[in-house]
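Remarks on the structure that follows.
The values are calculated or read from the model by the stated rules, or taken from the named source; none is laboratory data. If you're wondering where the values come from, they're calculated on a predicted model, not measured in any experiment. We place every Cβ from the backbone using ideal geometry, glycine too, and count neighbours over all the protein chains shown.
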Amino acid sequence: MDKFDFMRILEKQLGSMGFETRKEIMDEYDRHIEEALEEGHDEHEIIARLGDPKEIGREIIEMETEESSPPGRSLTDSKQFSEIRPEEINSFDIKGNDLNIYIEKGNHFDMNYHGQDKQGDFDFYQQGNTFVIKHSRSQRRTFKSFIINRKVTSDSVHIIWPYSIETLHIDTDQGKLSVSGMDIEHLKLESDMGRISGKHLNCRQADFKSQMGSIQIEDSAMSRISANTQMGAITLKRCMADEYVLDTQMGRISVVDMNPESDVNASSQMGAVKVQYKAHPVETLVLAKANFGTVVNAFEENRVMSVKHTAKFSSEMGSVKVT
């Protein structure tokens, strides 16, 4: 069994759990497997050591039954919710300072909010063709307390949305951002301290920015993708784009199945850059350099008769590997 099958079976086994809790568990297993792979362990060996995903799922559900947080309150019966006309919405504008935000494609509009205490102020409304969400907390966590006390949980909102939209903009100081299954012209996700993740996205342009958190995008198609972090890692898996702009100061960059015929500018100041192309580039000039780390460029001797794209990979302090 490989990682893909393991994660698929485990997620199905955890289907009865709440979206937020299930996602946190899946993210934890994904990070564990990725770290082991980076250390050089065999993928099938890692999965074998983890055990049967069905059994793991059953055990997790049993443990979480007594300890899980109370479910978030549905907003579908509220007067505010009844005033939203989803068919008229073509953009989202969401701002929060300590809020986990989960948006996924579904057959109907639904929204749940879970406030951890009375310090969170949550409001939403339709303004013209824009769906607006505003969230604030009277007491904000510092970066130090955010790192030390990882059990402190942000407020959270989970949105199911049935339509394609033109723009989706989310900006939060602290909190995780997750968008999946959406068709969006322009996607813009920003978080100072939270992790950003996306899956099964179809976008013309996607911009991701996180200062302290990581960025992970999977199984998506975009004309242009931009990802920027100060300390977090940037991970792309099976993301097809015509243009990649990836930049991090202290994190690593990892790309699996990069489009071989695309323009790329990927650089890390202190972290490693590791890229695996989906196929052998034919019309792309691939350049790789590192000032202090090692460089492996499988396409260094590649003769490009007609250069239509240029891919540049670089690191100041880390290694660069392009295969």
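Do we have E283 as surrounded by fewer than 18 Cβ atoms within 10 Å (Cβ to Cβ), in contact with a Lys or Arg (Cβ under 6 Å, 6 or more places away or on another chain) and of a type in the set (D, E) here?
Considered against the rule, which asks whether it is surrounded by fewer than 18 Cβ atoms within 10 Å (Cβ to Cβ), in contact with a Lys or Arg (Cβ under 6 Å, 6 or more places away or on another chain) and of a type in the set (D, E), E283 comes out as yes.
Taking the criterion of being more than 23 Å from the chain's Cα centre (by Cα) and either modelled with pLDDT under 90 or outside any loop (DSSP other than H, G, I, E, B) (or both), would at least one residue in segment 128-137 satisfy it?
Yes, segment 128-137 contains a residue that is more than 23 Å from the chain's Cα centre (by Cα) and either modelled with pLDDT under 90 or outside any loop (DSSP other than H, G, I, E, B) (or both).
Name the single residue that is modelled with the highest pLDDT among those in segment 35-52 being of a type in the set (A, V, I, L, M) and more than 23 Å from S254 (Cα to Cα).
If we take residues in segment 35-52 being of a type in the set (A, V, I, L, M) and more than 23 Å from S254 (Cα to Cα), then A48 is modelled with the highest pLDDT.
Assess whether L189 counts as being among the aliphatic types (A, V, I, L, M), at pLDDT 95 or above and buried (at least 24 other Cβ atoms within 10 Å of the Cβ). If you could, list the steps in order and put the result at the bottom.
Numbers: among the aliphatic types (A, V, I, L, M): yes; at pLDDT 95 or above: yes; buried (at least 24 other Cβ atoms within 10 Å of the Cβ): yes.
So L189 passes the test.
So which of M240, M222 is part of a strand (DSSP E or B), in contact with a strand residue (DSSP E or B) (Cβ under 8 Å, 6 or more places away or on another chain), among the hydrophobic types (A, V, I, L, M, F, W, C) and more than 20 Å from S178 (Cβ to Cβ)?
Checking each option against the conditions leaves just M240.
Search segment 67-87 for residues that are basic (K, R) and pair each with any residue that is modelled with pLDDT of 85 or more and surrounded by 13 or more Cβ atoms within 10 Å (Cβ to Cβ) when their beta-carbon atoms are under 9 Å apart and the residues are at least 6 apart or on different chains.
R73/N112; R73/Y113; R85/Q126
Of the residues that sit in segment 308-319 and are under 25 Å from the mean Cα position of the chain (by Cα), surrounded by fewer than 24 Cβ atoms within 10 Å (Cβ to Cβ) and modelled with pLDDT of 95 or more, which one is nearest to L287 (Cα to Cα)?
Step by step, filter segment 308-319, then rank; the result is K312.
E243: surrounded by fewer than 22 Cβ atoms within 10 Å (Cβ to Cβ), within 16 Å of V322 (Cβ to Cβ) and either over 12 Å from the mean Cα position of the chain (by Cα) or not aliphatic (A, V, I, L, M) (or both), yes or no?
Taking the combined requirement at face value, the residue does not satisfy it.
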